[in-house]
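Asks: To start, I am sharing the structure in question, which I have written as structure tokens.
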Amino acid sequence: MPNLKHLIPLLALPLLFGAGHRAVAADEPEMADTTIVVDRVQVTAIKQGPVLRSTAVASSIFGSRTIERNGITSLKEISLTVPNFHVPDYGSRMTSSVYVRGLGARIDQPVIGLNVDNVPVLNKNGFDAELADIERIEVLRGPQSTLYGRNTMGGVVNVYTLSPLTYEGVRAAAEYGSGNTLRLRASAYYRARPDVGFSVTGFYTRSDGFFTNDWTHEKCDWEWQAGGRWRVQWDNSRGVRLDNTLAISRLEQGGYPYAYVGEPIVEGDQTLLHAGQIAYNDPSGYLRTSISDGLTVRYDARRYSLSSITSYQYLDDAMTLDQDFTPLSYFTLRQAIREHALTEDLVIRSRGTERYGWLFGAFGFYRHQRMDAPVTFKRTGIERLILDNANRMPGMLYYEIDADELPLLSEFRTPTWGAALYHESRLRLGRWLLTAGIRADFERTRMSYRSRTDLDYRLSINGGTPTPHTISIDDRDRLAHSYLEVLPKVTAMYAFDPMRNLYLSIARGYKAGGFNTQMFSDILQEKLQGAMVSGIPEVDPERMSYRPEYSWNFELGGHFSCMDGAVRGDFALFWIEVNDQQLTVFPEGQTTGRMMANAGRSRSRGAELSLQVSPCEDLDLNLNYGYTDARFVRYRSGVEDYAGRRVPYAPEHTFAARATWSHPTGIEWLGDVVVEAGVQGAGPIAWNEQNSLTEPFYALMDATVRLEHRRWSLGLWGRNLTGTIYNVFYFKSIGHEFVQRGRPRTFGITLTLNID
């Protein structure tokens, strides 16, 4: 385990090196790409500083060349290449779990915010979407709650797509790979006038999948999706800019490749399920339709900039699960969500390089979500989860149910609205830059629910004649919570020169509370059993909701550059104190749902290092390492004390190293040959609060060989070249344990065209 006190002098050494940042020629490939990225932040970013490396924040930036070479089209494809940033690829595209510095959650509220062209994506169900023609990705780690508000206590990911005012022409790409995977993309960028630009982008992807359901003998992780984006930009060259983007997509997936772990499941003389086998009998899958329209209006005056970011977001998705994931007919779930959301963000900030800078903002949002989540008990579930529990006293009471299906119906209406005022001041004193910010964030969330079921059964007492009975439960109620949060942040940075600095930051993070909708089937089941045995359907109301999560983040970091810019890097040491940490837990016994619970306290500490080295013109080396020690300080489940145990699902180490060699072929129409090789890994990962199950550290190797021309490129690639077998997820259902394997070894070919 790394010793943090030994890392401090090691990471600070580059700050003592002489020389400043090397001047960059416009025709120098890698450095030119970096320079373009830095310069464009001033044009597209609205809230953050002009250059991220000159601000007190731990950040990673992916430029357009890196994005194209690595085929990055979604958030999970930058997982592990950012220190302490883990986005496991499991389940379906609805499952957009993100873990940053030991913080994260598998369901409900995310720990990190996602903005696409400055528009926030409110529902994490839409995080794992296809993002075509990405120009730049910024990953800001550490609480960003002061400027971005709720659910950004782990950081923010800002995605910027290609602008029709900076590029004109036609772009196309086609990719084919293992699993009969096909990706197609085409886009056109046109400037009707020097100040007006239009772009239209379309994409289509499909895959047969990589994992087989042995019960149906079909691939269970197949998918297809299609969508497009229409963008209009206007810049009148006198300070007024308008940017409107309409995006539409449709996704359909199979699901879910969860493999059984444990002793074989035997029925009679037939073995139904072996360890390591994927086999379930009821259909599973995920559907999603999403529409988003974002309008940004910006006015740049001489002394200030005023921006308005308005969005409308629509999400219609449905998840279907064989929730026991066995060949037995226990129960199924269909969770359908339809959501409308509106957001408005007004930002006014000072301009120029004066000694004092400021920013004021006001943010508001409204979400209305409708969810229907019926759980249907099948015959095996009725017998083992209801009748076996009811008939625990043989000879006294004996229950019989003839139905083959028992629907437990749950309907939810969840309107949520929030408003915030925030401010940030920046004061430059010589080489010092002092920043202080504060945000007042109010949120009101309400849930109206209806849970109902009807059950016909027969009851015999002491062996007497069975008599028919009927239970009808129809519960309706409303729950509401309000939260007022004050989120401060202060930073102090000392700049040795524009590219070398040290900073210290203290910030408070906040993740919203919510309702445990996935527990209502268990609650209804308990009410049903209580009514059968005692006639009183009792239940603990505390499980219906969970509280917000809070954190204080203390961070020491810096950015450095030496040897005339041939070596560049960033480092950070952090300590995070978390109160009421939200954890996804599976209640004991043969339960059907999962719930969010609040742990008492936890703390996370660690270190991060990013290093880019260009020893010669043709070679670039990149190294990213993150270490996190996240443990419970106070957490009692009622059965066991977990103090001192590792927080589950967050990796202790993340690592990524990549070498890129590019060289002209000497043939003009062939361009350059580019060879890339990399390795990335994560672990160990604790799978439960007891830390009794752990995924050891695993490493994945990849390589690419490309021919790159200004107008086209052709690449051959391979991922997980060593065929590493590893798990990306673990969970329990009705007492059974399951895991999902990571992607196997894959190969593919990619062709891109750029016609100016």
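Every read-out reported here was derived from the displayed coordinates using simple, explicitly stated rules and does not represent laboratory data. On a predicted model such as this, the values are computed, not experimentally measured, just so you know. Glycine gets a Cβ as well: all are built from the backbone with ideal geometry, and neighbour counts include every protein chain shown.
Asks: What distance in nm lies between label points placed 7 Å from Cα along the C-beta direction at MET396 and PHE747?
Replies: Simple spin-label model gives 6.8 nm for this pair.
Asks: Okay, next question. Subtract the Cα-Cα distance of ASP756 and ASP388 from 0.36 nm times their separation in residues, and report this length gain in nm to one decimal. Could you put the intermediate results ahead of the total?
Replies: Numbers: separation 368, 0.36 × 368 = 132.48 nm, distance 7.03 nm.
Fully extending the segment from ASP756 to ASP388 adds 125.4 nm.
Asks: Okay, moving on. Using the crude model of +1 on Lys and Arg Cβ and -1 on Asp and Glu Cβ, and no other charge, please compute the dipole size for the range 690-756 relative to its Cα centre, in debye to 20.
Replies: Approximately 140 debye in magnitude.
Asks: Can you work out the FRET efficiency for the pair GLU405 and TYR483, with r the C-beta to C-beta distance and R0 = 56 Å, to the nearest 0.05?
Replies: Values: r = 40 Å, r/R0 = 0.72.
FRET efficiency, GLU405 to TYR483: 0.90.
Asks: Using unit Cβ charges (K, R positive; D, E negative) and no other charged atoms, how large, in debye to the nearest 20, is the dipole of the chain about its Cα centre? Intermediate results must be reported in sequence, preceding the final value.
Replies: Values: 80 positive and 87 negative charges, 534 e Å.
With only Lys, Arg, Asp and Glu charged at Cβ, the dipole is about 2560 debye.
Asks: DSSP loop (so not H, G, I, E, B), at most 15 other Cβ within 10 Å: list which GluC sites (Glu not before Pro) in the range 400-494 pass both filters.
Replies: Working: sites: GLU400, GLU405, GLU411, GLU424, GLU443, GLU485; in loops: GLU405.
Sparse-neighbourhood loop GluC sites (Glu not before Pro): GLU405.
Asks: Please give the Cα centre distance for the range 297-376 versus the range 125-160, rounded to the nearest Å.
Replies: 11
Asks: Any idea how far apart ALA703 and LEU459 come out in nm if each label point goes 7 Å out from Cα toward Cβ?
Replies: Between ALA703 and LEU459, the label points sit 7.1 nm apart.
Asks: What is the extension gain from SER237 to ARG452, computed as 0.36 nm multiplied by their sequence separation minus the C-alpha to C-alpha distance, in nm to one decimal?
Replies: Values: separation 215, 0.36 × 215 = 77.40 nm, distance 6.07 nm.
Gain in length upon complete extension: 71.3 nm.
Asks: Which whole-Hz couplings ³J(HN,Hα) result when phi for each residue of the range 377-391 is put into the Karplus expression 6.51 cos²θ - 1.76 cosθ + 1.60, θ = phi - 60°, listed in order with x for Gly and Pro?
Replies: 6, 8, 4, 5, x, 4, 5, 8, 9, 10, 5, 4, 6, 6, 9
Asks: On to the next question. Can you work out the FRET efficiency for the pair LEU427 and ARG302, with r the C-beta to C-beta distance and R0 = 25 Å, to the nearest 0.05?
Replies: In this case the efficiency is close to 0.75.
Asks: On a straight-distance basis, which lysines could pair with LYS76 in a cross-link, Cα separation under 27 angstrom, same-chain partners fewer than 8 positions away excluded?
Replies: LYS47, LYS124, LYS219, LYS511, LYS732
Asks: For the chain, what is the mean residue ellipticity at 222 nm derived from helices alone (per DSSP H run of n ≥ 4: -39500 (n - 2.57); sum divided by total residues; nearest 500 deg cm²/dmol)?
Replies: Numbers: 5 runs with 49 residues, N = 756.
For the chain, the value works out to -2000 deg cm²/dmol.
Asks: So which aspartates and glutamates can LYS489 reach, going by Cα to Cα under 19 Å and dropping same-chain residues fewer than 8 places off?
Replies: Qualifying aspartates and glutamates at Cα under 19 Å: GLU424, ASP441, GLU549, GLU555, GLU577.
Asks: Determine which aspartates and glutamates satisfy two conditions relative to LYS378: a Cα distance under 12 Å, and not lying fewer than 8 residues away in the same chain.
Replies: ASP282, ASP322, ASP324, ASP402, ASP404, GLU405
Asks: Here's something else I'd like to know. Apply the Karplus parameterisation 6.51 cos²θ - 1.76 cosθ + 1.60, with θ equal to phi minus 60°, to every residue of the range 656-673 and state each ³J(HN,Hα) to the nearest whole Hz, in sequence, with x for glycine and proline.
Replies: 8, 9, 8, 10, 10, 10, 10, 7, x, 6, x, 10, 4, 6, 8, x, 9, 9
Asks: A follow-up question, please. Out of the GluC sites (Glu not before Pro) in the range 296-382, which ones are loop residues according to DSSP with at most 12 other C-beta atoms within 10 Å?
Replies: GLU354
Asks: When the chain is fully extended, how far beyond the present Cα-Cα distance does ARG355 get from THR289, taking 0.36 nm per residue of separation?
Replies: Working: separation 66, 0.36 × 66 = 23.76 nm, distance 4.80 nm.
Length gained, ARG355 through THR289: 19.0 nm.
Asks: Trypsin sites (Lys or Arg not before Pro), restricted to the range 690-756: which are DSSP loop and have at most 10 other Cβ atoms within 10 Å? Present the calculation step by step, with values, prior to reporting the outcome.
Replies: Numbers: sites: ARG706, ARG710, ARG711, ARG719, LYS732, ARG741, ARG745; in loops: ARG710, ARG711, ARG745.
When the trypsin sites (Lys or Arg not before Pro) of the range 690-756 are filtered for loop state and at most 10 Cβ neighbours within 10 Å, ARG710 remain.
Asks: Looking at (i) 3, 12, 20, 23, 20, 13, 6, 2, 0, 0; (ii) 2, 13, 23, 26, 19, 9, 4, 2, 1, 0; (iii) 3, 12, 18, 19, 15, 10, 7, 6, 5, 3, 2, 1, 0, which value of P(r) over Cα pairs in 10 Å bins from 0, in percent comes from a calculation on the structure shown?
Replies: Computed from the coordinates, P(r) over Cα pairs in 10 Å bins from 0, in percent corresponds to (ii).
Asks: Continuing with the same structure: Hey, if you put +1 on the Cβ of every Lys and Arg and -1 on every Asp and Glu Cβ in the chain, which of ILE461, PRO498, ASN579 ends up farthest toward the positive end of that dipole?
Replies: Farthest towards the positive end: PRO498.
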